[in-house]
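This report refers to the structure that appears directly beneath it.
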């Protein structure tokens with residue numbers, strides 16, 4: 001009975017038309033504020049989009065060490081994508097060491113100190129940095145300006161993380 | 001070991017002298033969402049009807065849930081949900097009457113509450129007759145009727161043709177909901193490649209009746225590549241790169257559509273043939289599909305000339 | 001359970017035609033009977049049916065029963081109903097493309113046809129059979145009519161109803177046929193027409209019924225074949 005009222009009256013979240021009572025009972029540790037937006041028309045594979053956005057959330061401190069990611073099925077139902085896609089995104093995150101999965105309990109954000117970094121990841125990071133540097137130089141910025149900009153942004157991230165740790 | 005829910009062998013169908021389906025050899029495993037894509041008139045609907053035993057093949061055979069399509073028993077049909085092209089239902093029936101009719105064929109499987117919840121969610125009055133429903137509403141009823149008996153295999157023939165984005169999304173949700181139950185499989189044909197990209201595990205491409213691809217979506221996405229190479233002088237006369245599908249030349253540029261080669265191989269070939277620079281274009285599924293099914297001498301419809 | 005669901009659906013679809021036929025037959029037949037009652041004439045048949053053939057063939061034995069006039073009305077209405085029901089049951093699903101929805105069911109294909117046939121038979125019985133029986137019992141009263149009907153007239157009426165069902169089967173076969181040439185497809189209707197001609201000009205009731213039974217059997221077997229082989 002509760003379920004069908006939720007279906008019609010809930011306007012803040014579009015609830016999928018399924019028996020989510022089970023999920024509601026089990027997934028009470030679902031992360032608040034994890035907002036993922038995927039688009040099927042961009043060139044990026046969907047699982048990459050999901051992985052990247054979770055990765056960003058971790059980097060920004062919105063997800064901290066030990067936080068539980070939503071259950072694969074729950075996220076799949078909310079994003080309306082195949083559960084295998086979500087699973088693949090989680091695998092990708094696991095491979096880069098950002099999350100660890102414990103069979104039976106779920107997937108959790110890993111300890112930053114325990115994360116591996118391999119050469120490929122550093123390559124991607126370097127590529128991105130090159131991208132940013134190129135853009136900055138094209139805009140006419142000088143090396144100094146870029147460094148100041150970088151410092152400013154980094155400070156924001158670090159502060160956010162510190163704030164979060166304070167609130168916990 | 002996953003079962004095969006659909007198996008076709010040399011499935012062929014001629015309409016008079018027109019070849020609609022040409023020696024289709026398919027195997028779809030259980031538990032996936034499989035998207036059938038193809039251009040208009042490629043033979044998707046014909047293939048689906050052949051599989052369901054609604055058409056008789058000119059040659060070849062097909063098996064659904066292990067049973068020959070020409071002789072699908074009532075018991076097997078009970079396990080297969082089918083959303084027909086155009087969602088054609090009995091116009092004089094009301095939603096409630098249609099439910100009653102449909103339910104009598106699934107005495108043990110029908111989920112009353114599920115159907116009622118769906119109809120309530122869609123805001124459809126049960127007493128309204130089908131003929132007084134809009135296309136979208138009729139599609140919604142069709143979806144509810146197909147999902148309520150909890151089918152093992154759901155086959156949908158272009159279910160979102162002409163429907164708005166919200167209803168298309170509801171159909172996708174329905175597919176996801178079904179696939180999360182144990183042992184279900186969904187087969188759907190669609191022109192909206194964004195939808196296919198979103199929910200499919202597997203993709204089947206049918207082009208002029210011929211099977212062009214049957215693989216996981218990931219494989220297809222990774223395999224179809226577009227590369228643009230610029231050359232200082234003229235483009236090489238012979239393009240002997242592995243996996244070449246199409247090749248378009250303009251003065252100093254080559255546009256290649258490739259199936260399969262790794263990025264490094266492309267780089268090597270570019271270097272070997274003296275390309276100044278090359279760029280692997282990021283394509284979404286729709287672009288990949290268009291390139292993959294384009295004819296050999298495909299040109300753009302309209303061309304801008306520099307004056 | 002499933003057959004009943006199908007039967008209910010087919011009956012509901014046939015209902016408007018059932019009512020229309022009953023009303024039309026009741027109206028025309030009732031009007032004719034009333035006319036005969038008022039005029040009390042027994043050469044009344046000559047006034048409305050100047051066909052010498054009918055009055056001569058039938059006139060020998062029972063020219064003067066008013067019920068006799070309703071016979072041809074029954075025949076025409078019956079053939080019309082057969083055609084209309086055949087179209088409704090077998091042509092309309094093709095044009096509205098609802099065949100795939102109907103065929104993909106957890107029943108044998110032939111069951112779907114039997115449900116349609118059962119609904120057609122019920123329609124004929126109610127809209128024509130019952131009314132015909134009512135007319136017959138109404139005409140059997142000496143205080144109303146000077147000339148009482150003979151049982152043969154009554155039986156002929158049932159013959160006409162059966163012919164209507166033959167037309168139904170013929171229309172069904174034509175509607176189901178997927179032969180490439182239209183001349184082949186028309187076989188169902190053509191064959192039904194042949195049966196009609198063979199029967200109504202046949203004096204001997206026994207032979208008439210035999211022709212109907214054989215014709216219906218042939219049409220049924222053809223329909224059975226077509227349903228198993230047909231592509232929907």
Can you bin every Cα-Cα distance in the protein assembly as shown into 10 Å intervals starting at zero and give me the percent of pairs per bin, rounded to whole numbers? 2, 11, 17, 18, 15, 12, 9, 6, 4, 3, 2, 0, 0
Fewest to most Cβ atoms within 10 Å: C:182, A:90, B:278 sort as C:182, B:278, A:90
Can you give me the distance in nm between label points at residue C:8 and residue C:134, each placed 7 Å from the Cα along the Cα-to-Cβ direction? 2.7 nm
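I need the per residue convex hull volume for the stretch C:99-232, using only the alpha carbons, in cubic angstrom as a whole number.
115 Å³
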FRET efficiency estimate (nearest 0.05) - Cβ-Cβ, residue A:147 to residue B:110, R0 51 angstrom: 0.15
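Would you list A:129, B:93, B:51 from fewest to most Cβ contacts within 10 Å?
A:129, B:93, B:51
Quick one: work out Rg over Rh on the C-alpha atoms of the stretch A:69-168, Rh as Kirkwood radius.
Answer for the stretch A:69-168: 1.08.
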Would you kindly compute the Cα radius of gyration of the stretch B:1-77 and its largest Cα-Cα separation (Dmax), both in Å? 12.4, 41
Please report the orientation-averaged projected area of the stretch B:219-259, defined via the convex hull of its C-alpha atoms, in nm². 2.8 nm²
Per the stretch B:138-240, sqrt(5λ) over the Cα gyration tensor eigenvalues, sorted largest first, in Å, gives 37, 15, 12
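Expressed in nm to one decimal, what extension gain is obtained for the pair residue B:215 and residue B:135 from 0.36 nm per residue of sequence separation less their Cα-Cα distance?
Between residue B:215 and residue B:135, full extension yields an extra 25.5 nm.
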Residue order, fewest to most beta carbons within 10 Å, for C:209, C:101, A:157, B:115: A:157, C:209, B:115, C:101
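Could you tell me the calculated FRET efficiency between residue B:9 and residue B:298, based on Cβ-Cβ distance and R0 = 45 angstrom, to the nearest 0.05?
0.90
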For the pair residue C:158 and residue C:228, what calculated FRET efficiency results from E = 1/(1 + (r/R0)^6), where r is the Cβ-Cβ distance and R0 = 51 Å, to the nearest 0.05? 0.95
If you take every DSSP beta bridge whose two residues both sit in the protein assembly as shown, what share of them, in percent to the nearest 5, is antiparallel? 75 percent
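Please compute the length gained on full extension between residue B:18 and residue B:247, using 0.36 nm multiplied by the number of residues separating them and subtracting their Cα-Cα distance.
Computed gain between residue B:18 and residue B:247 is 79.5 nm.
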Antiparallel %, DSSP beta bridges [both residues in chain B], to 5: 70 percent
Of every Cα-Cα pair in the stretch B:1-157, the percentage lying beyond 20 Å is 55 percent
Given that compact globular proteins tend to follow 2.2 N^0.38 Å, what is the ratio of the alpha-carbon Rg of chain B to that value? 1.17
Rounded to two decimals, what ratio of Rg to Rh does the stretch C:2-229 give with C-alpha atoms and a Kirkwood Rh? 1.03
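Values in this text are rule-based calculations from the coordinates and carry no lab data. Given the structure is predicted, the values throughout are model-derived calculations rather than measurements. FYI the Cβ positions are ideal-geometry reconstructions off the backbone, even for glycines, and counts take in every protein chain you see.
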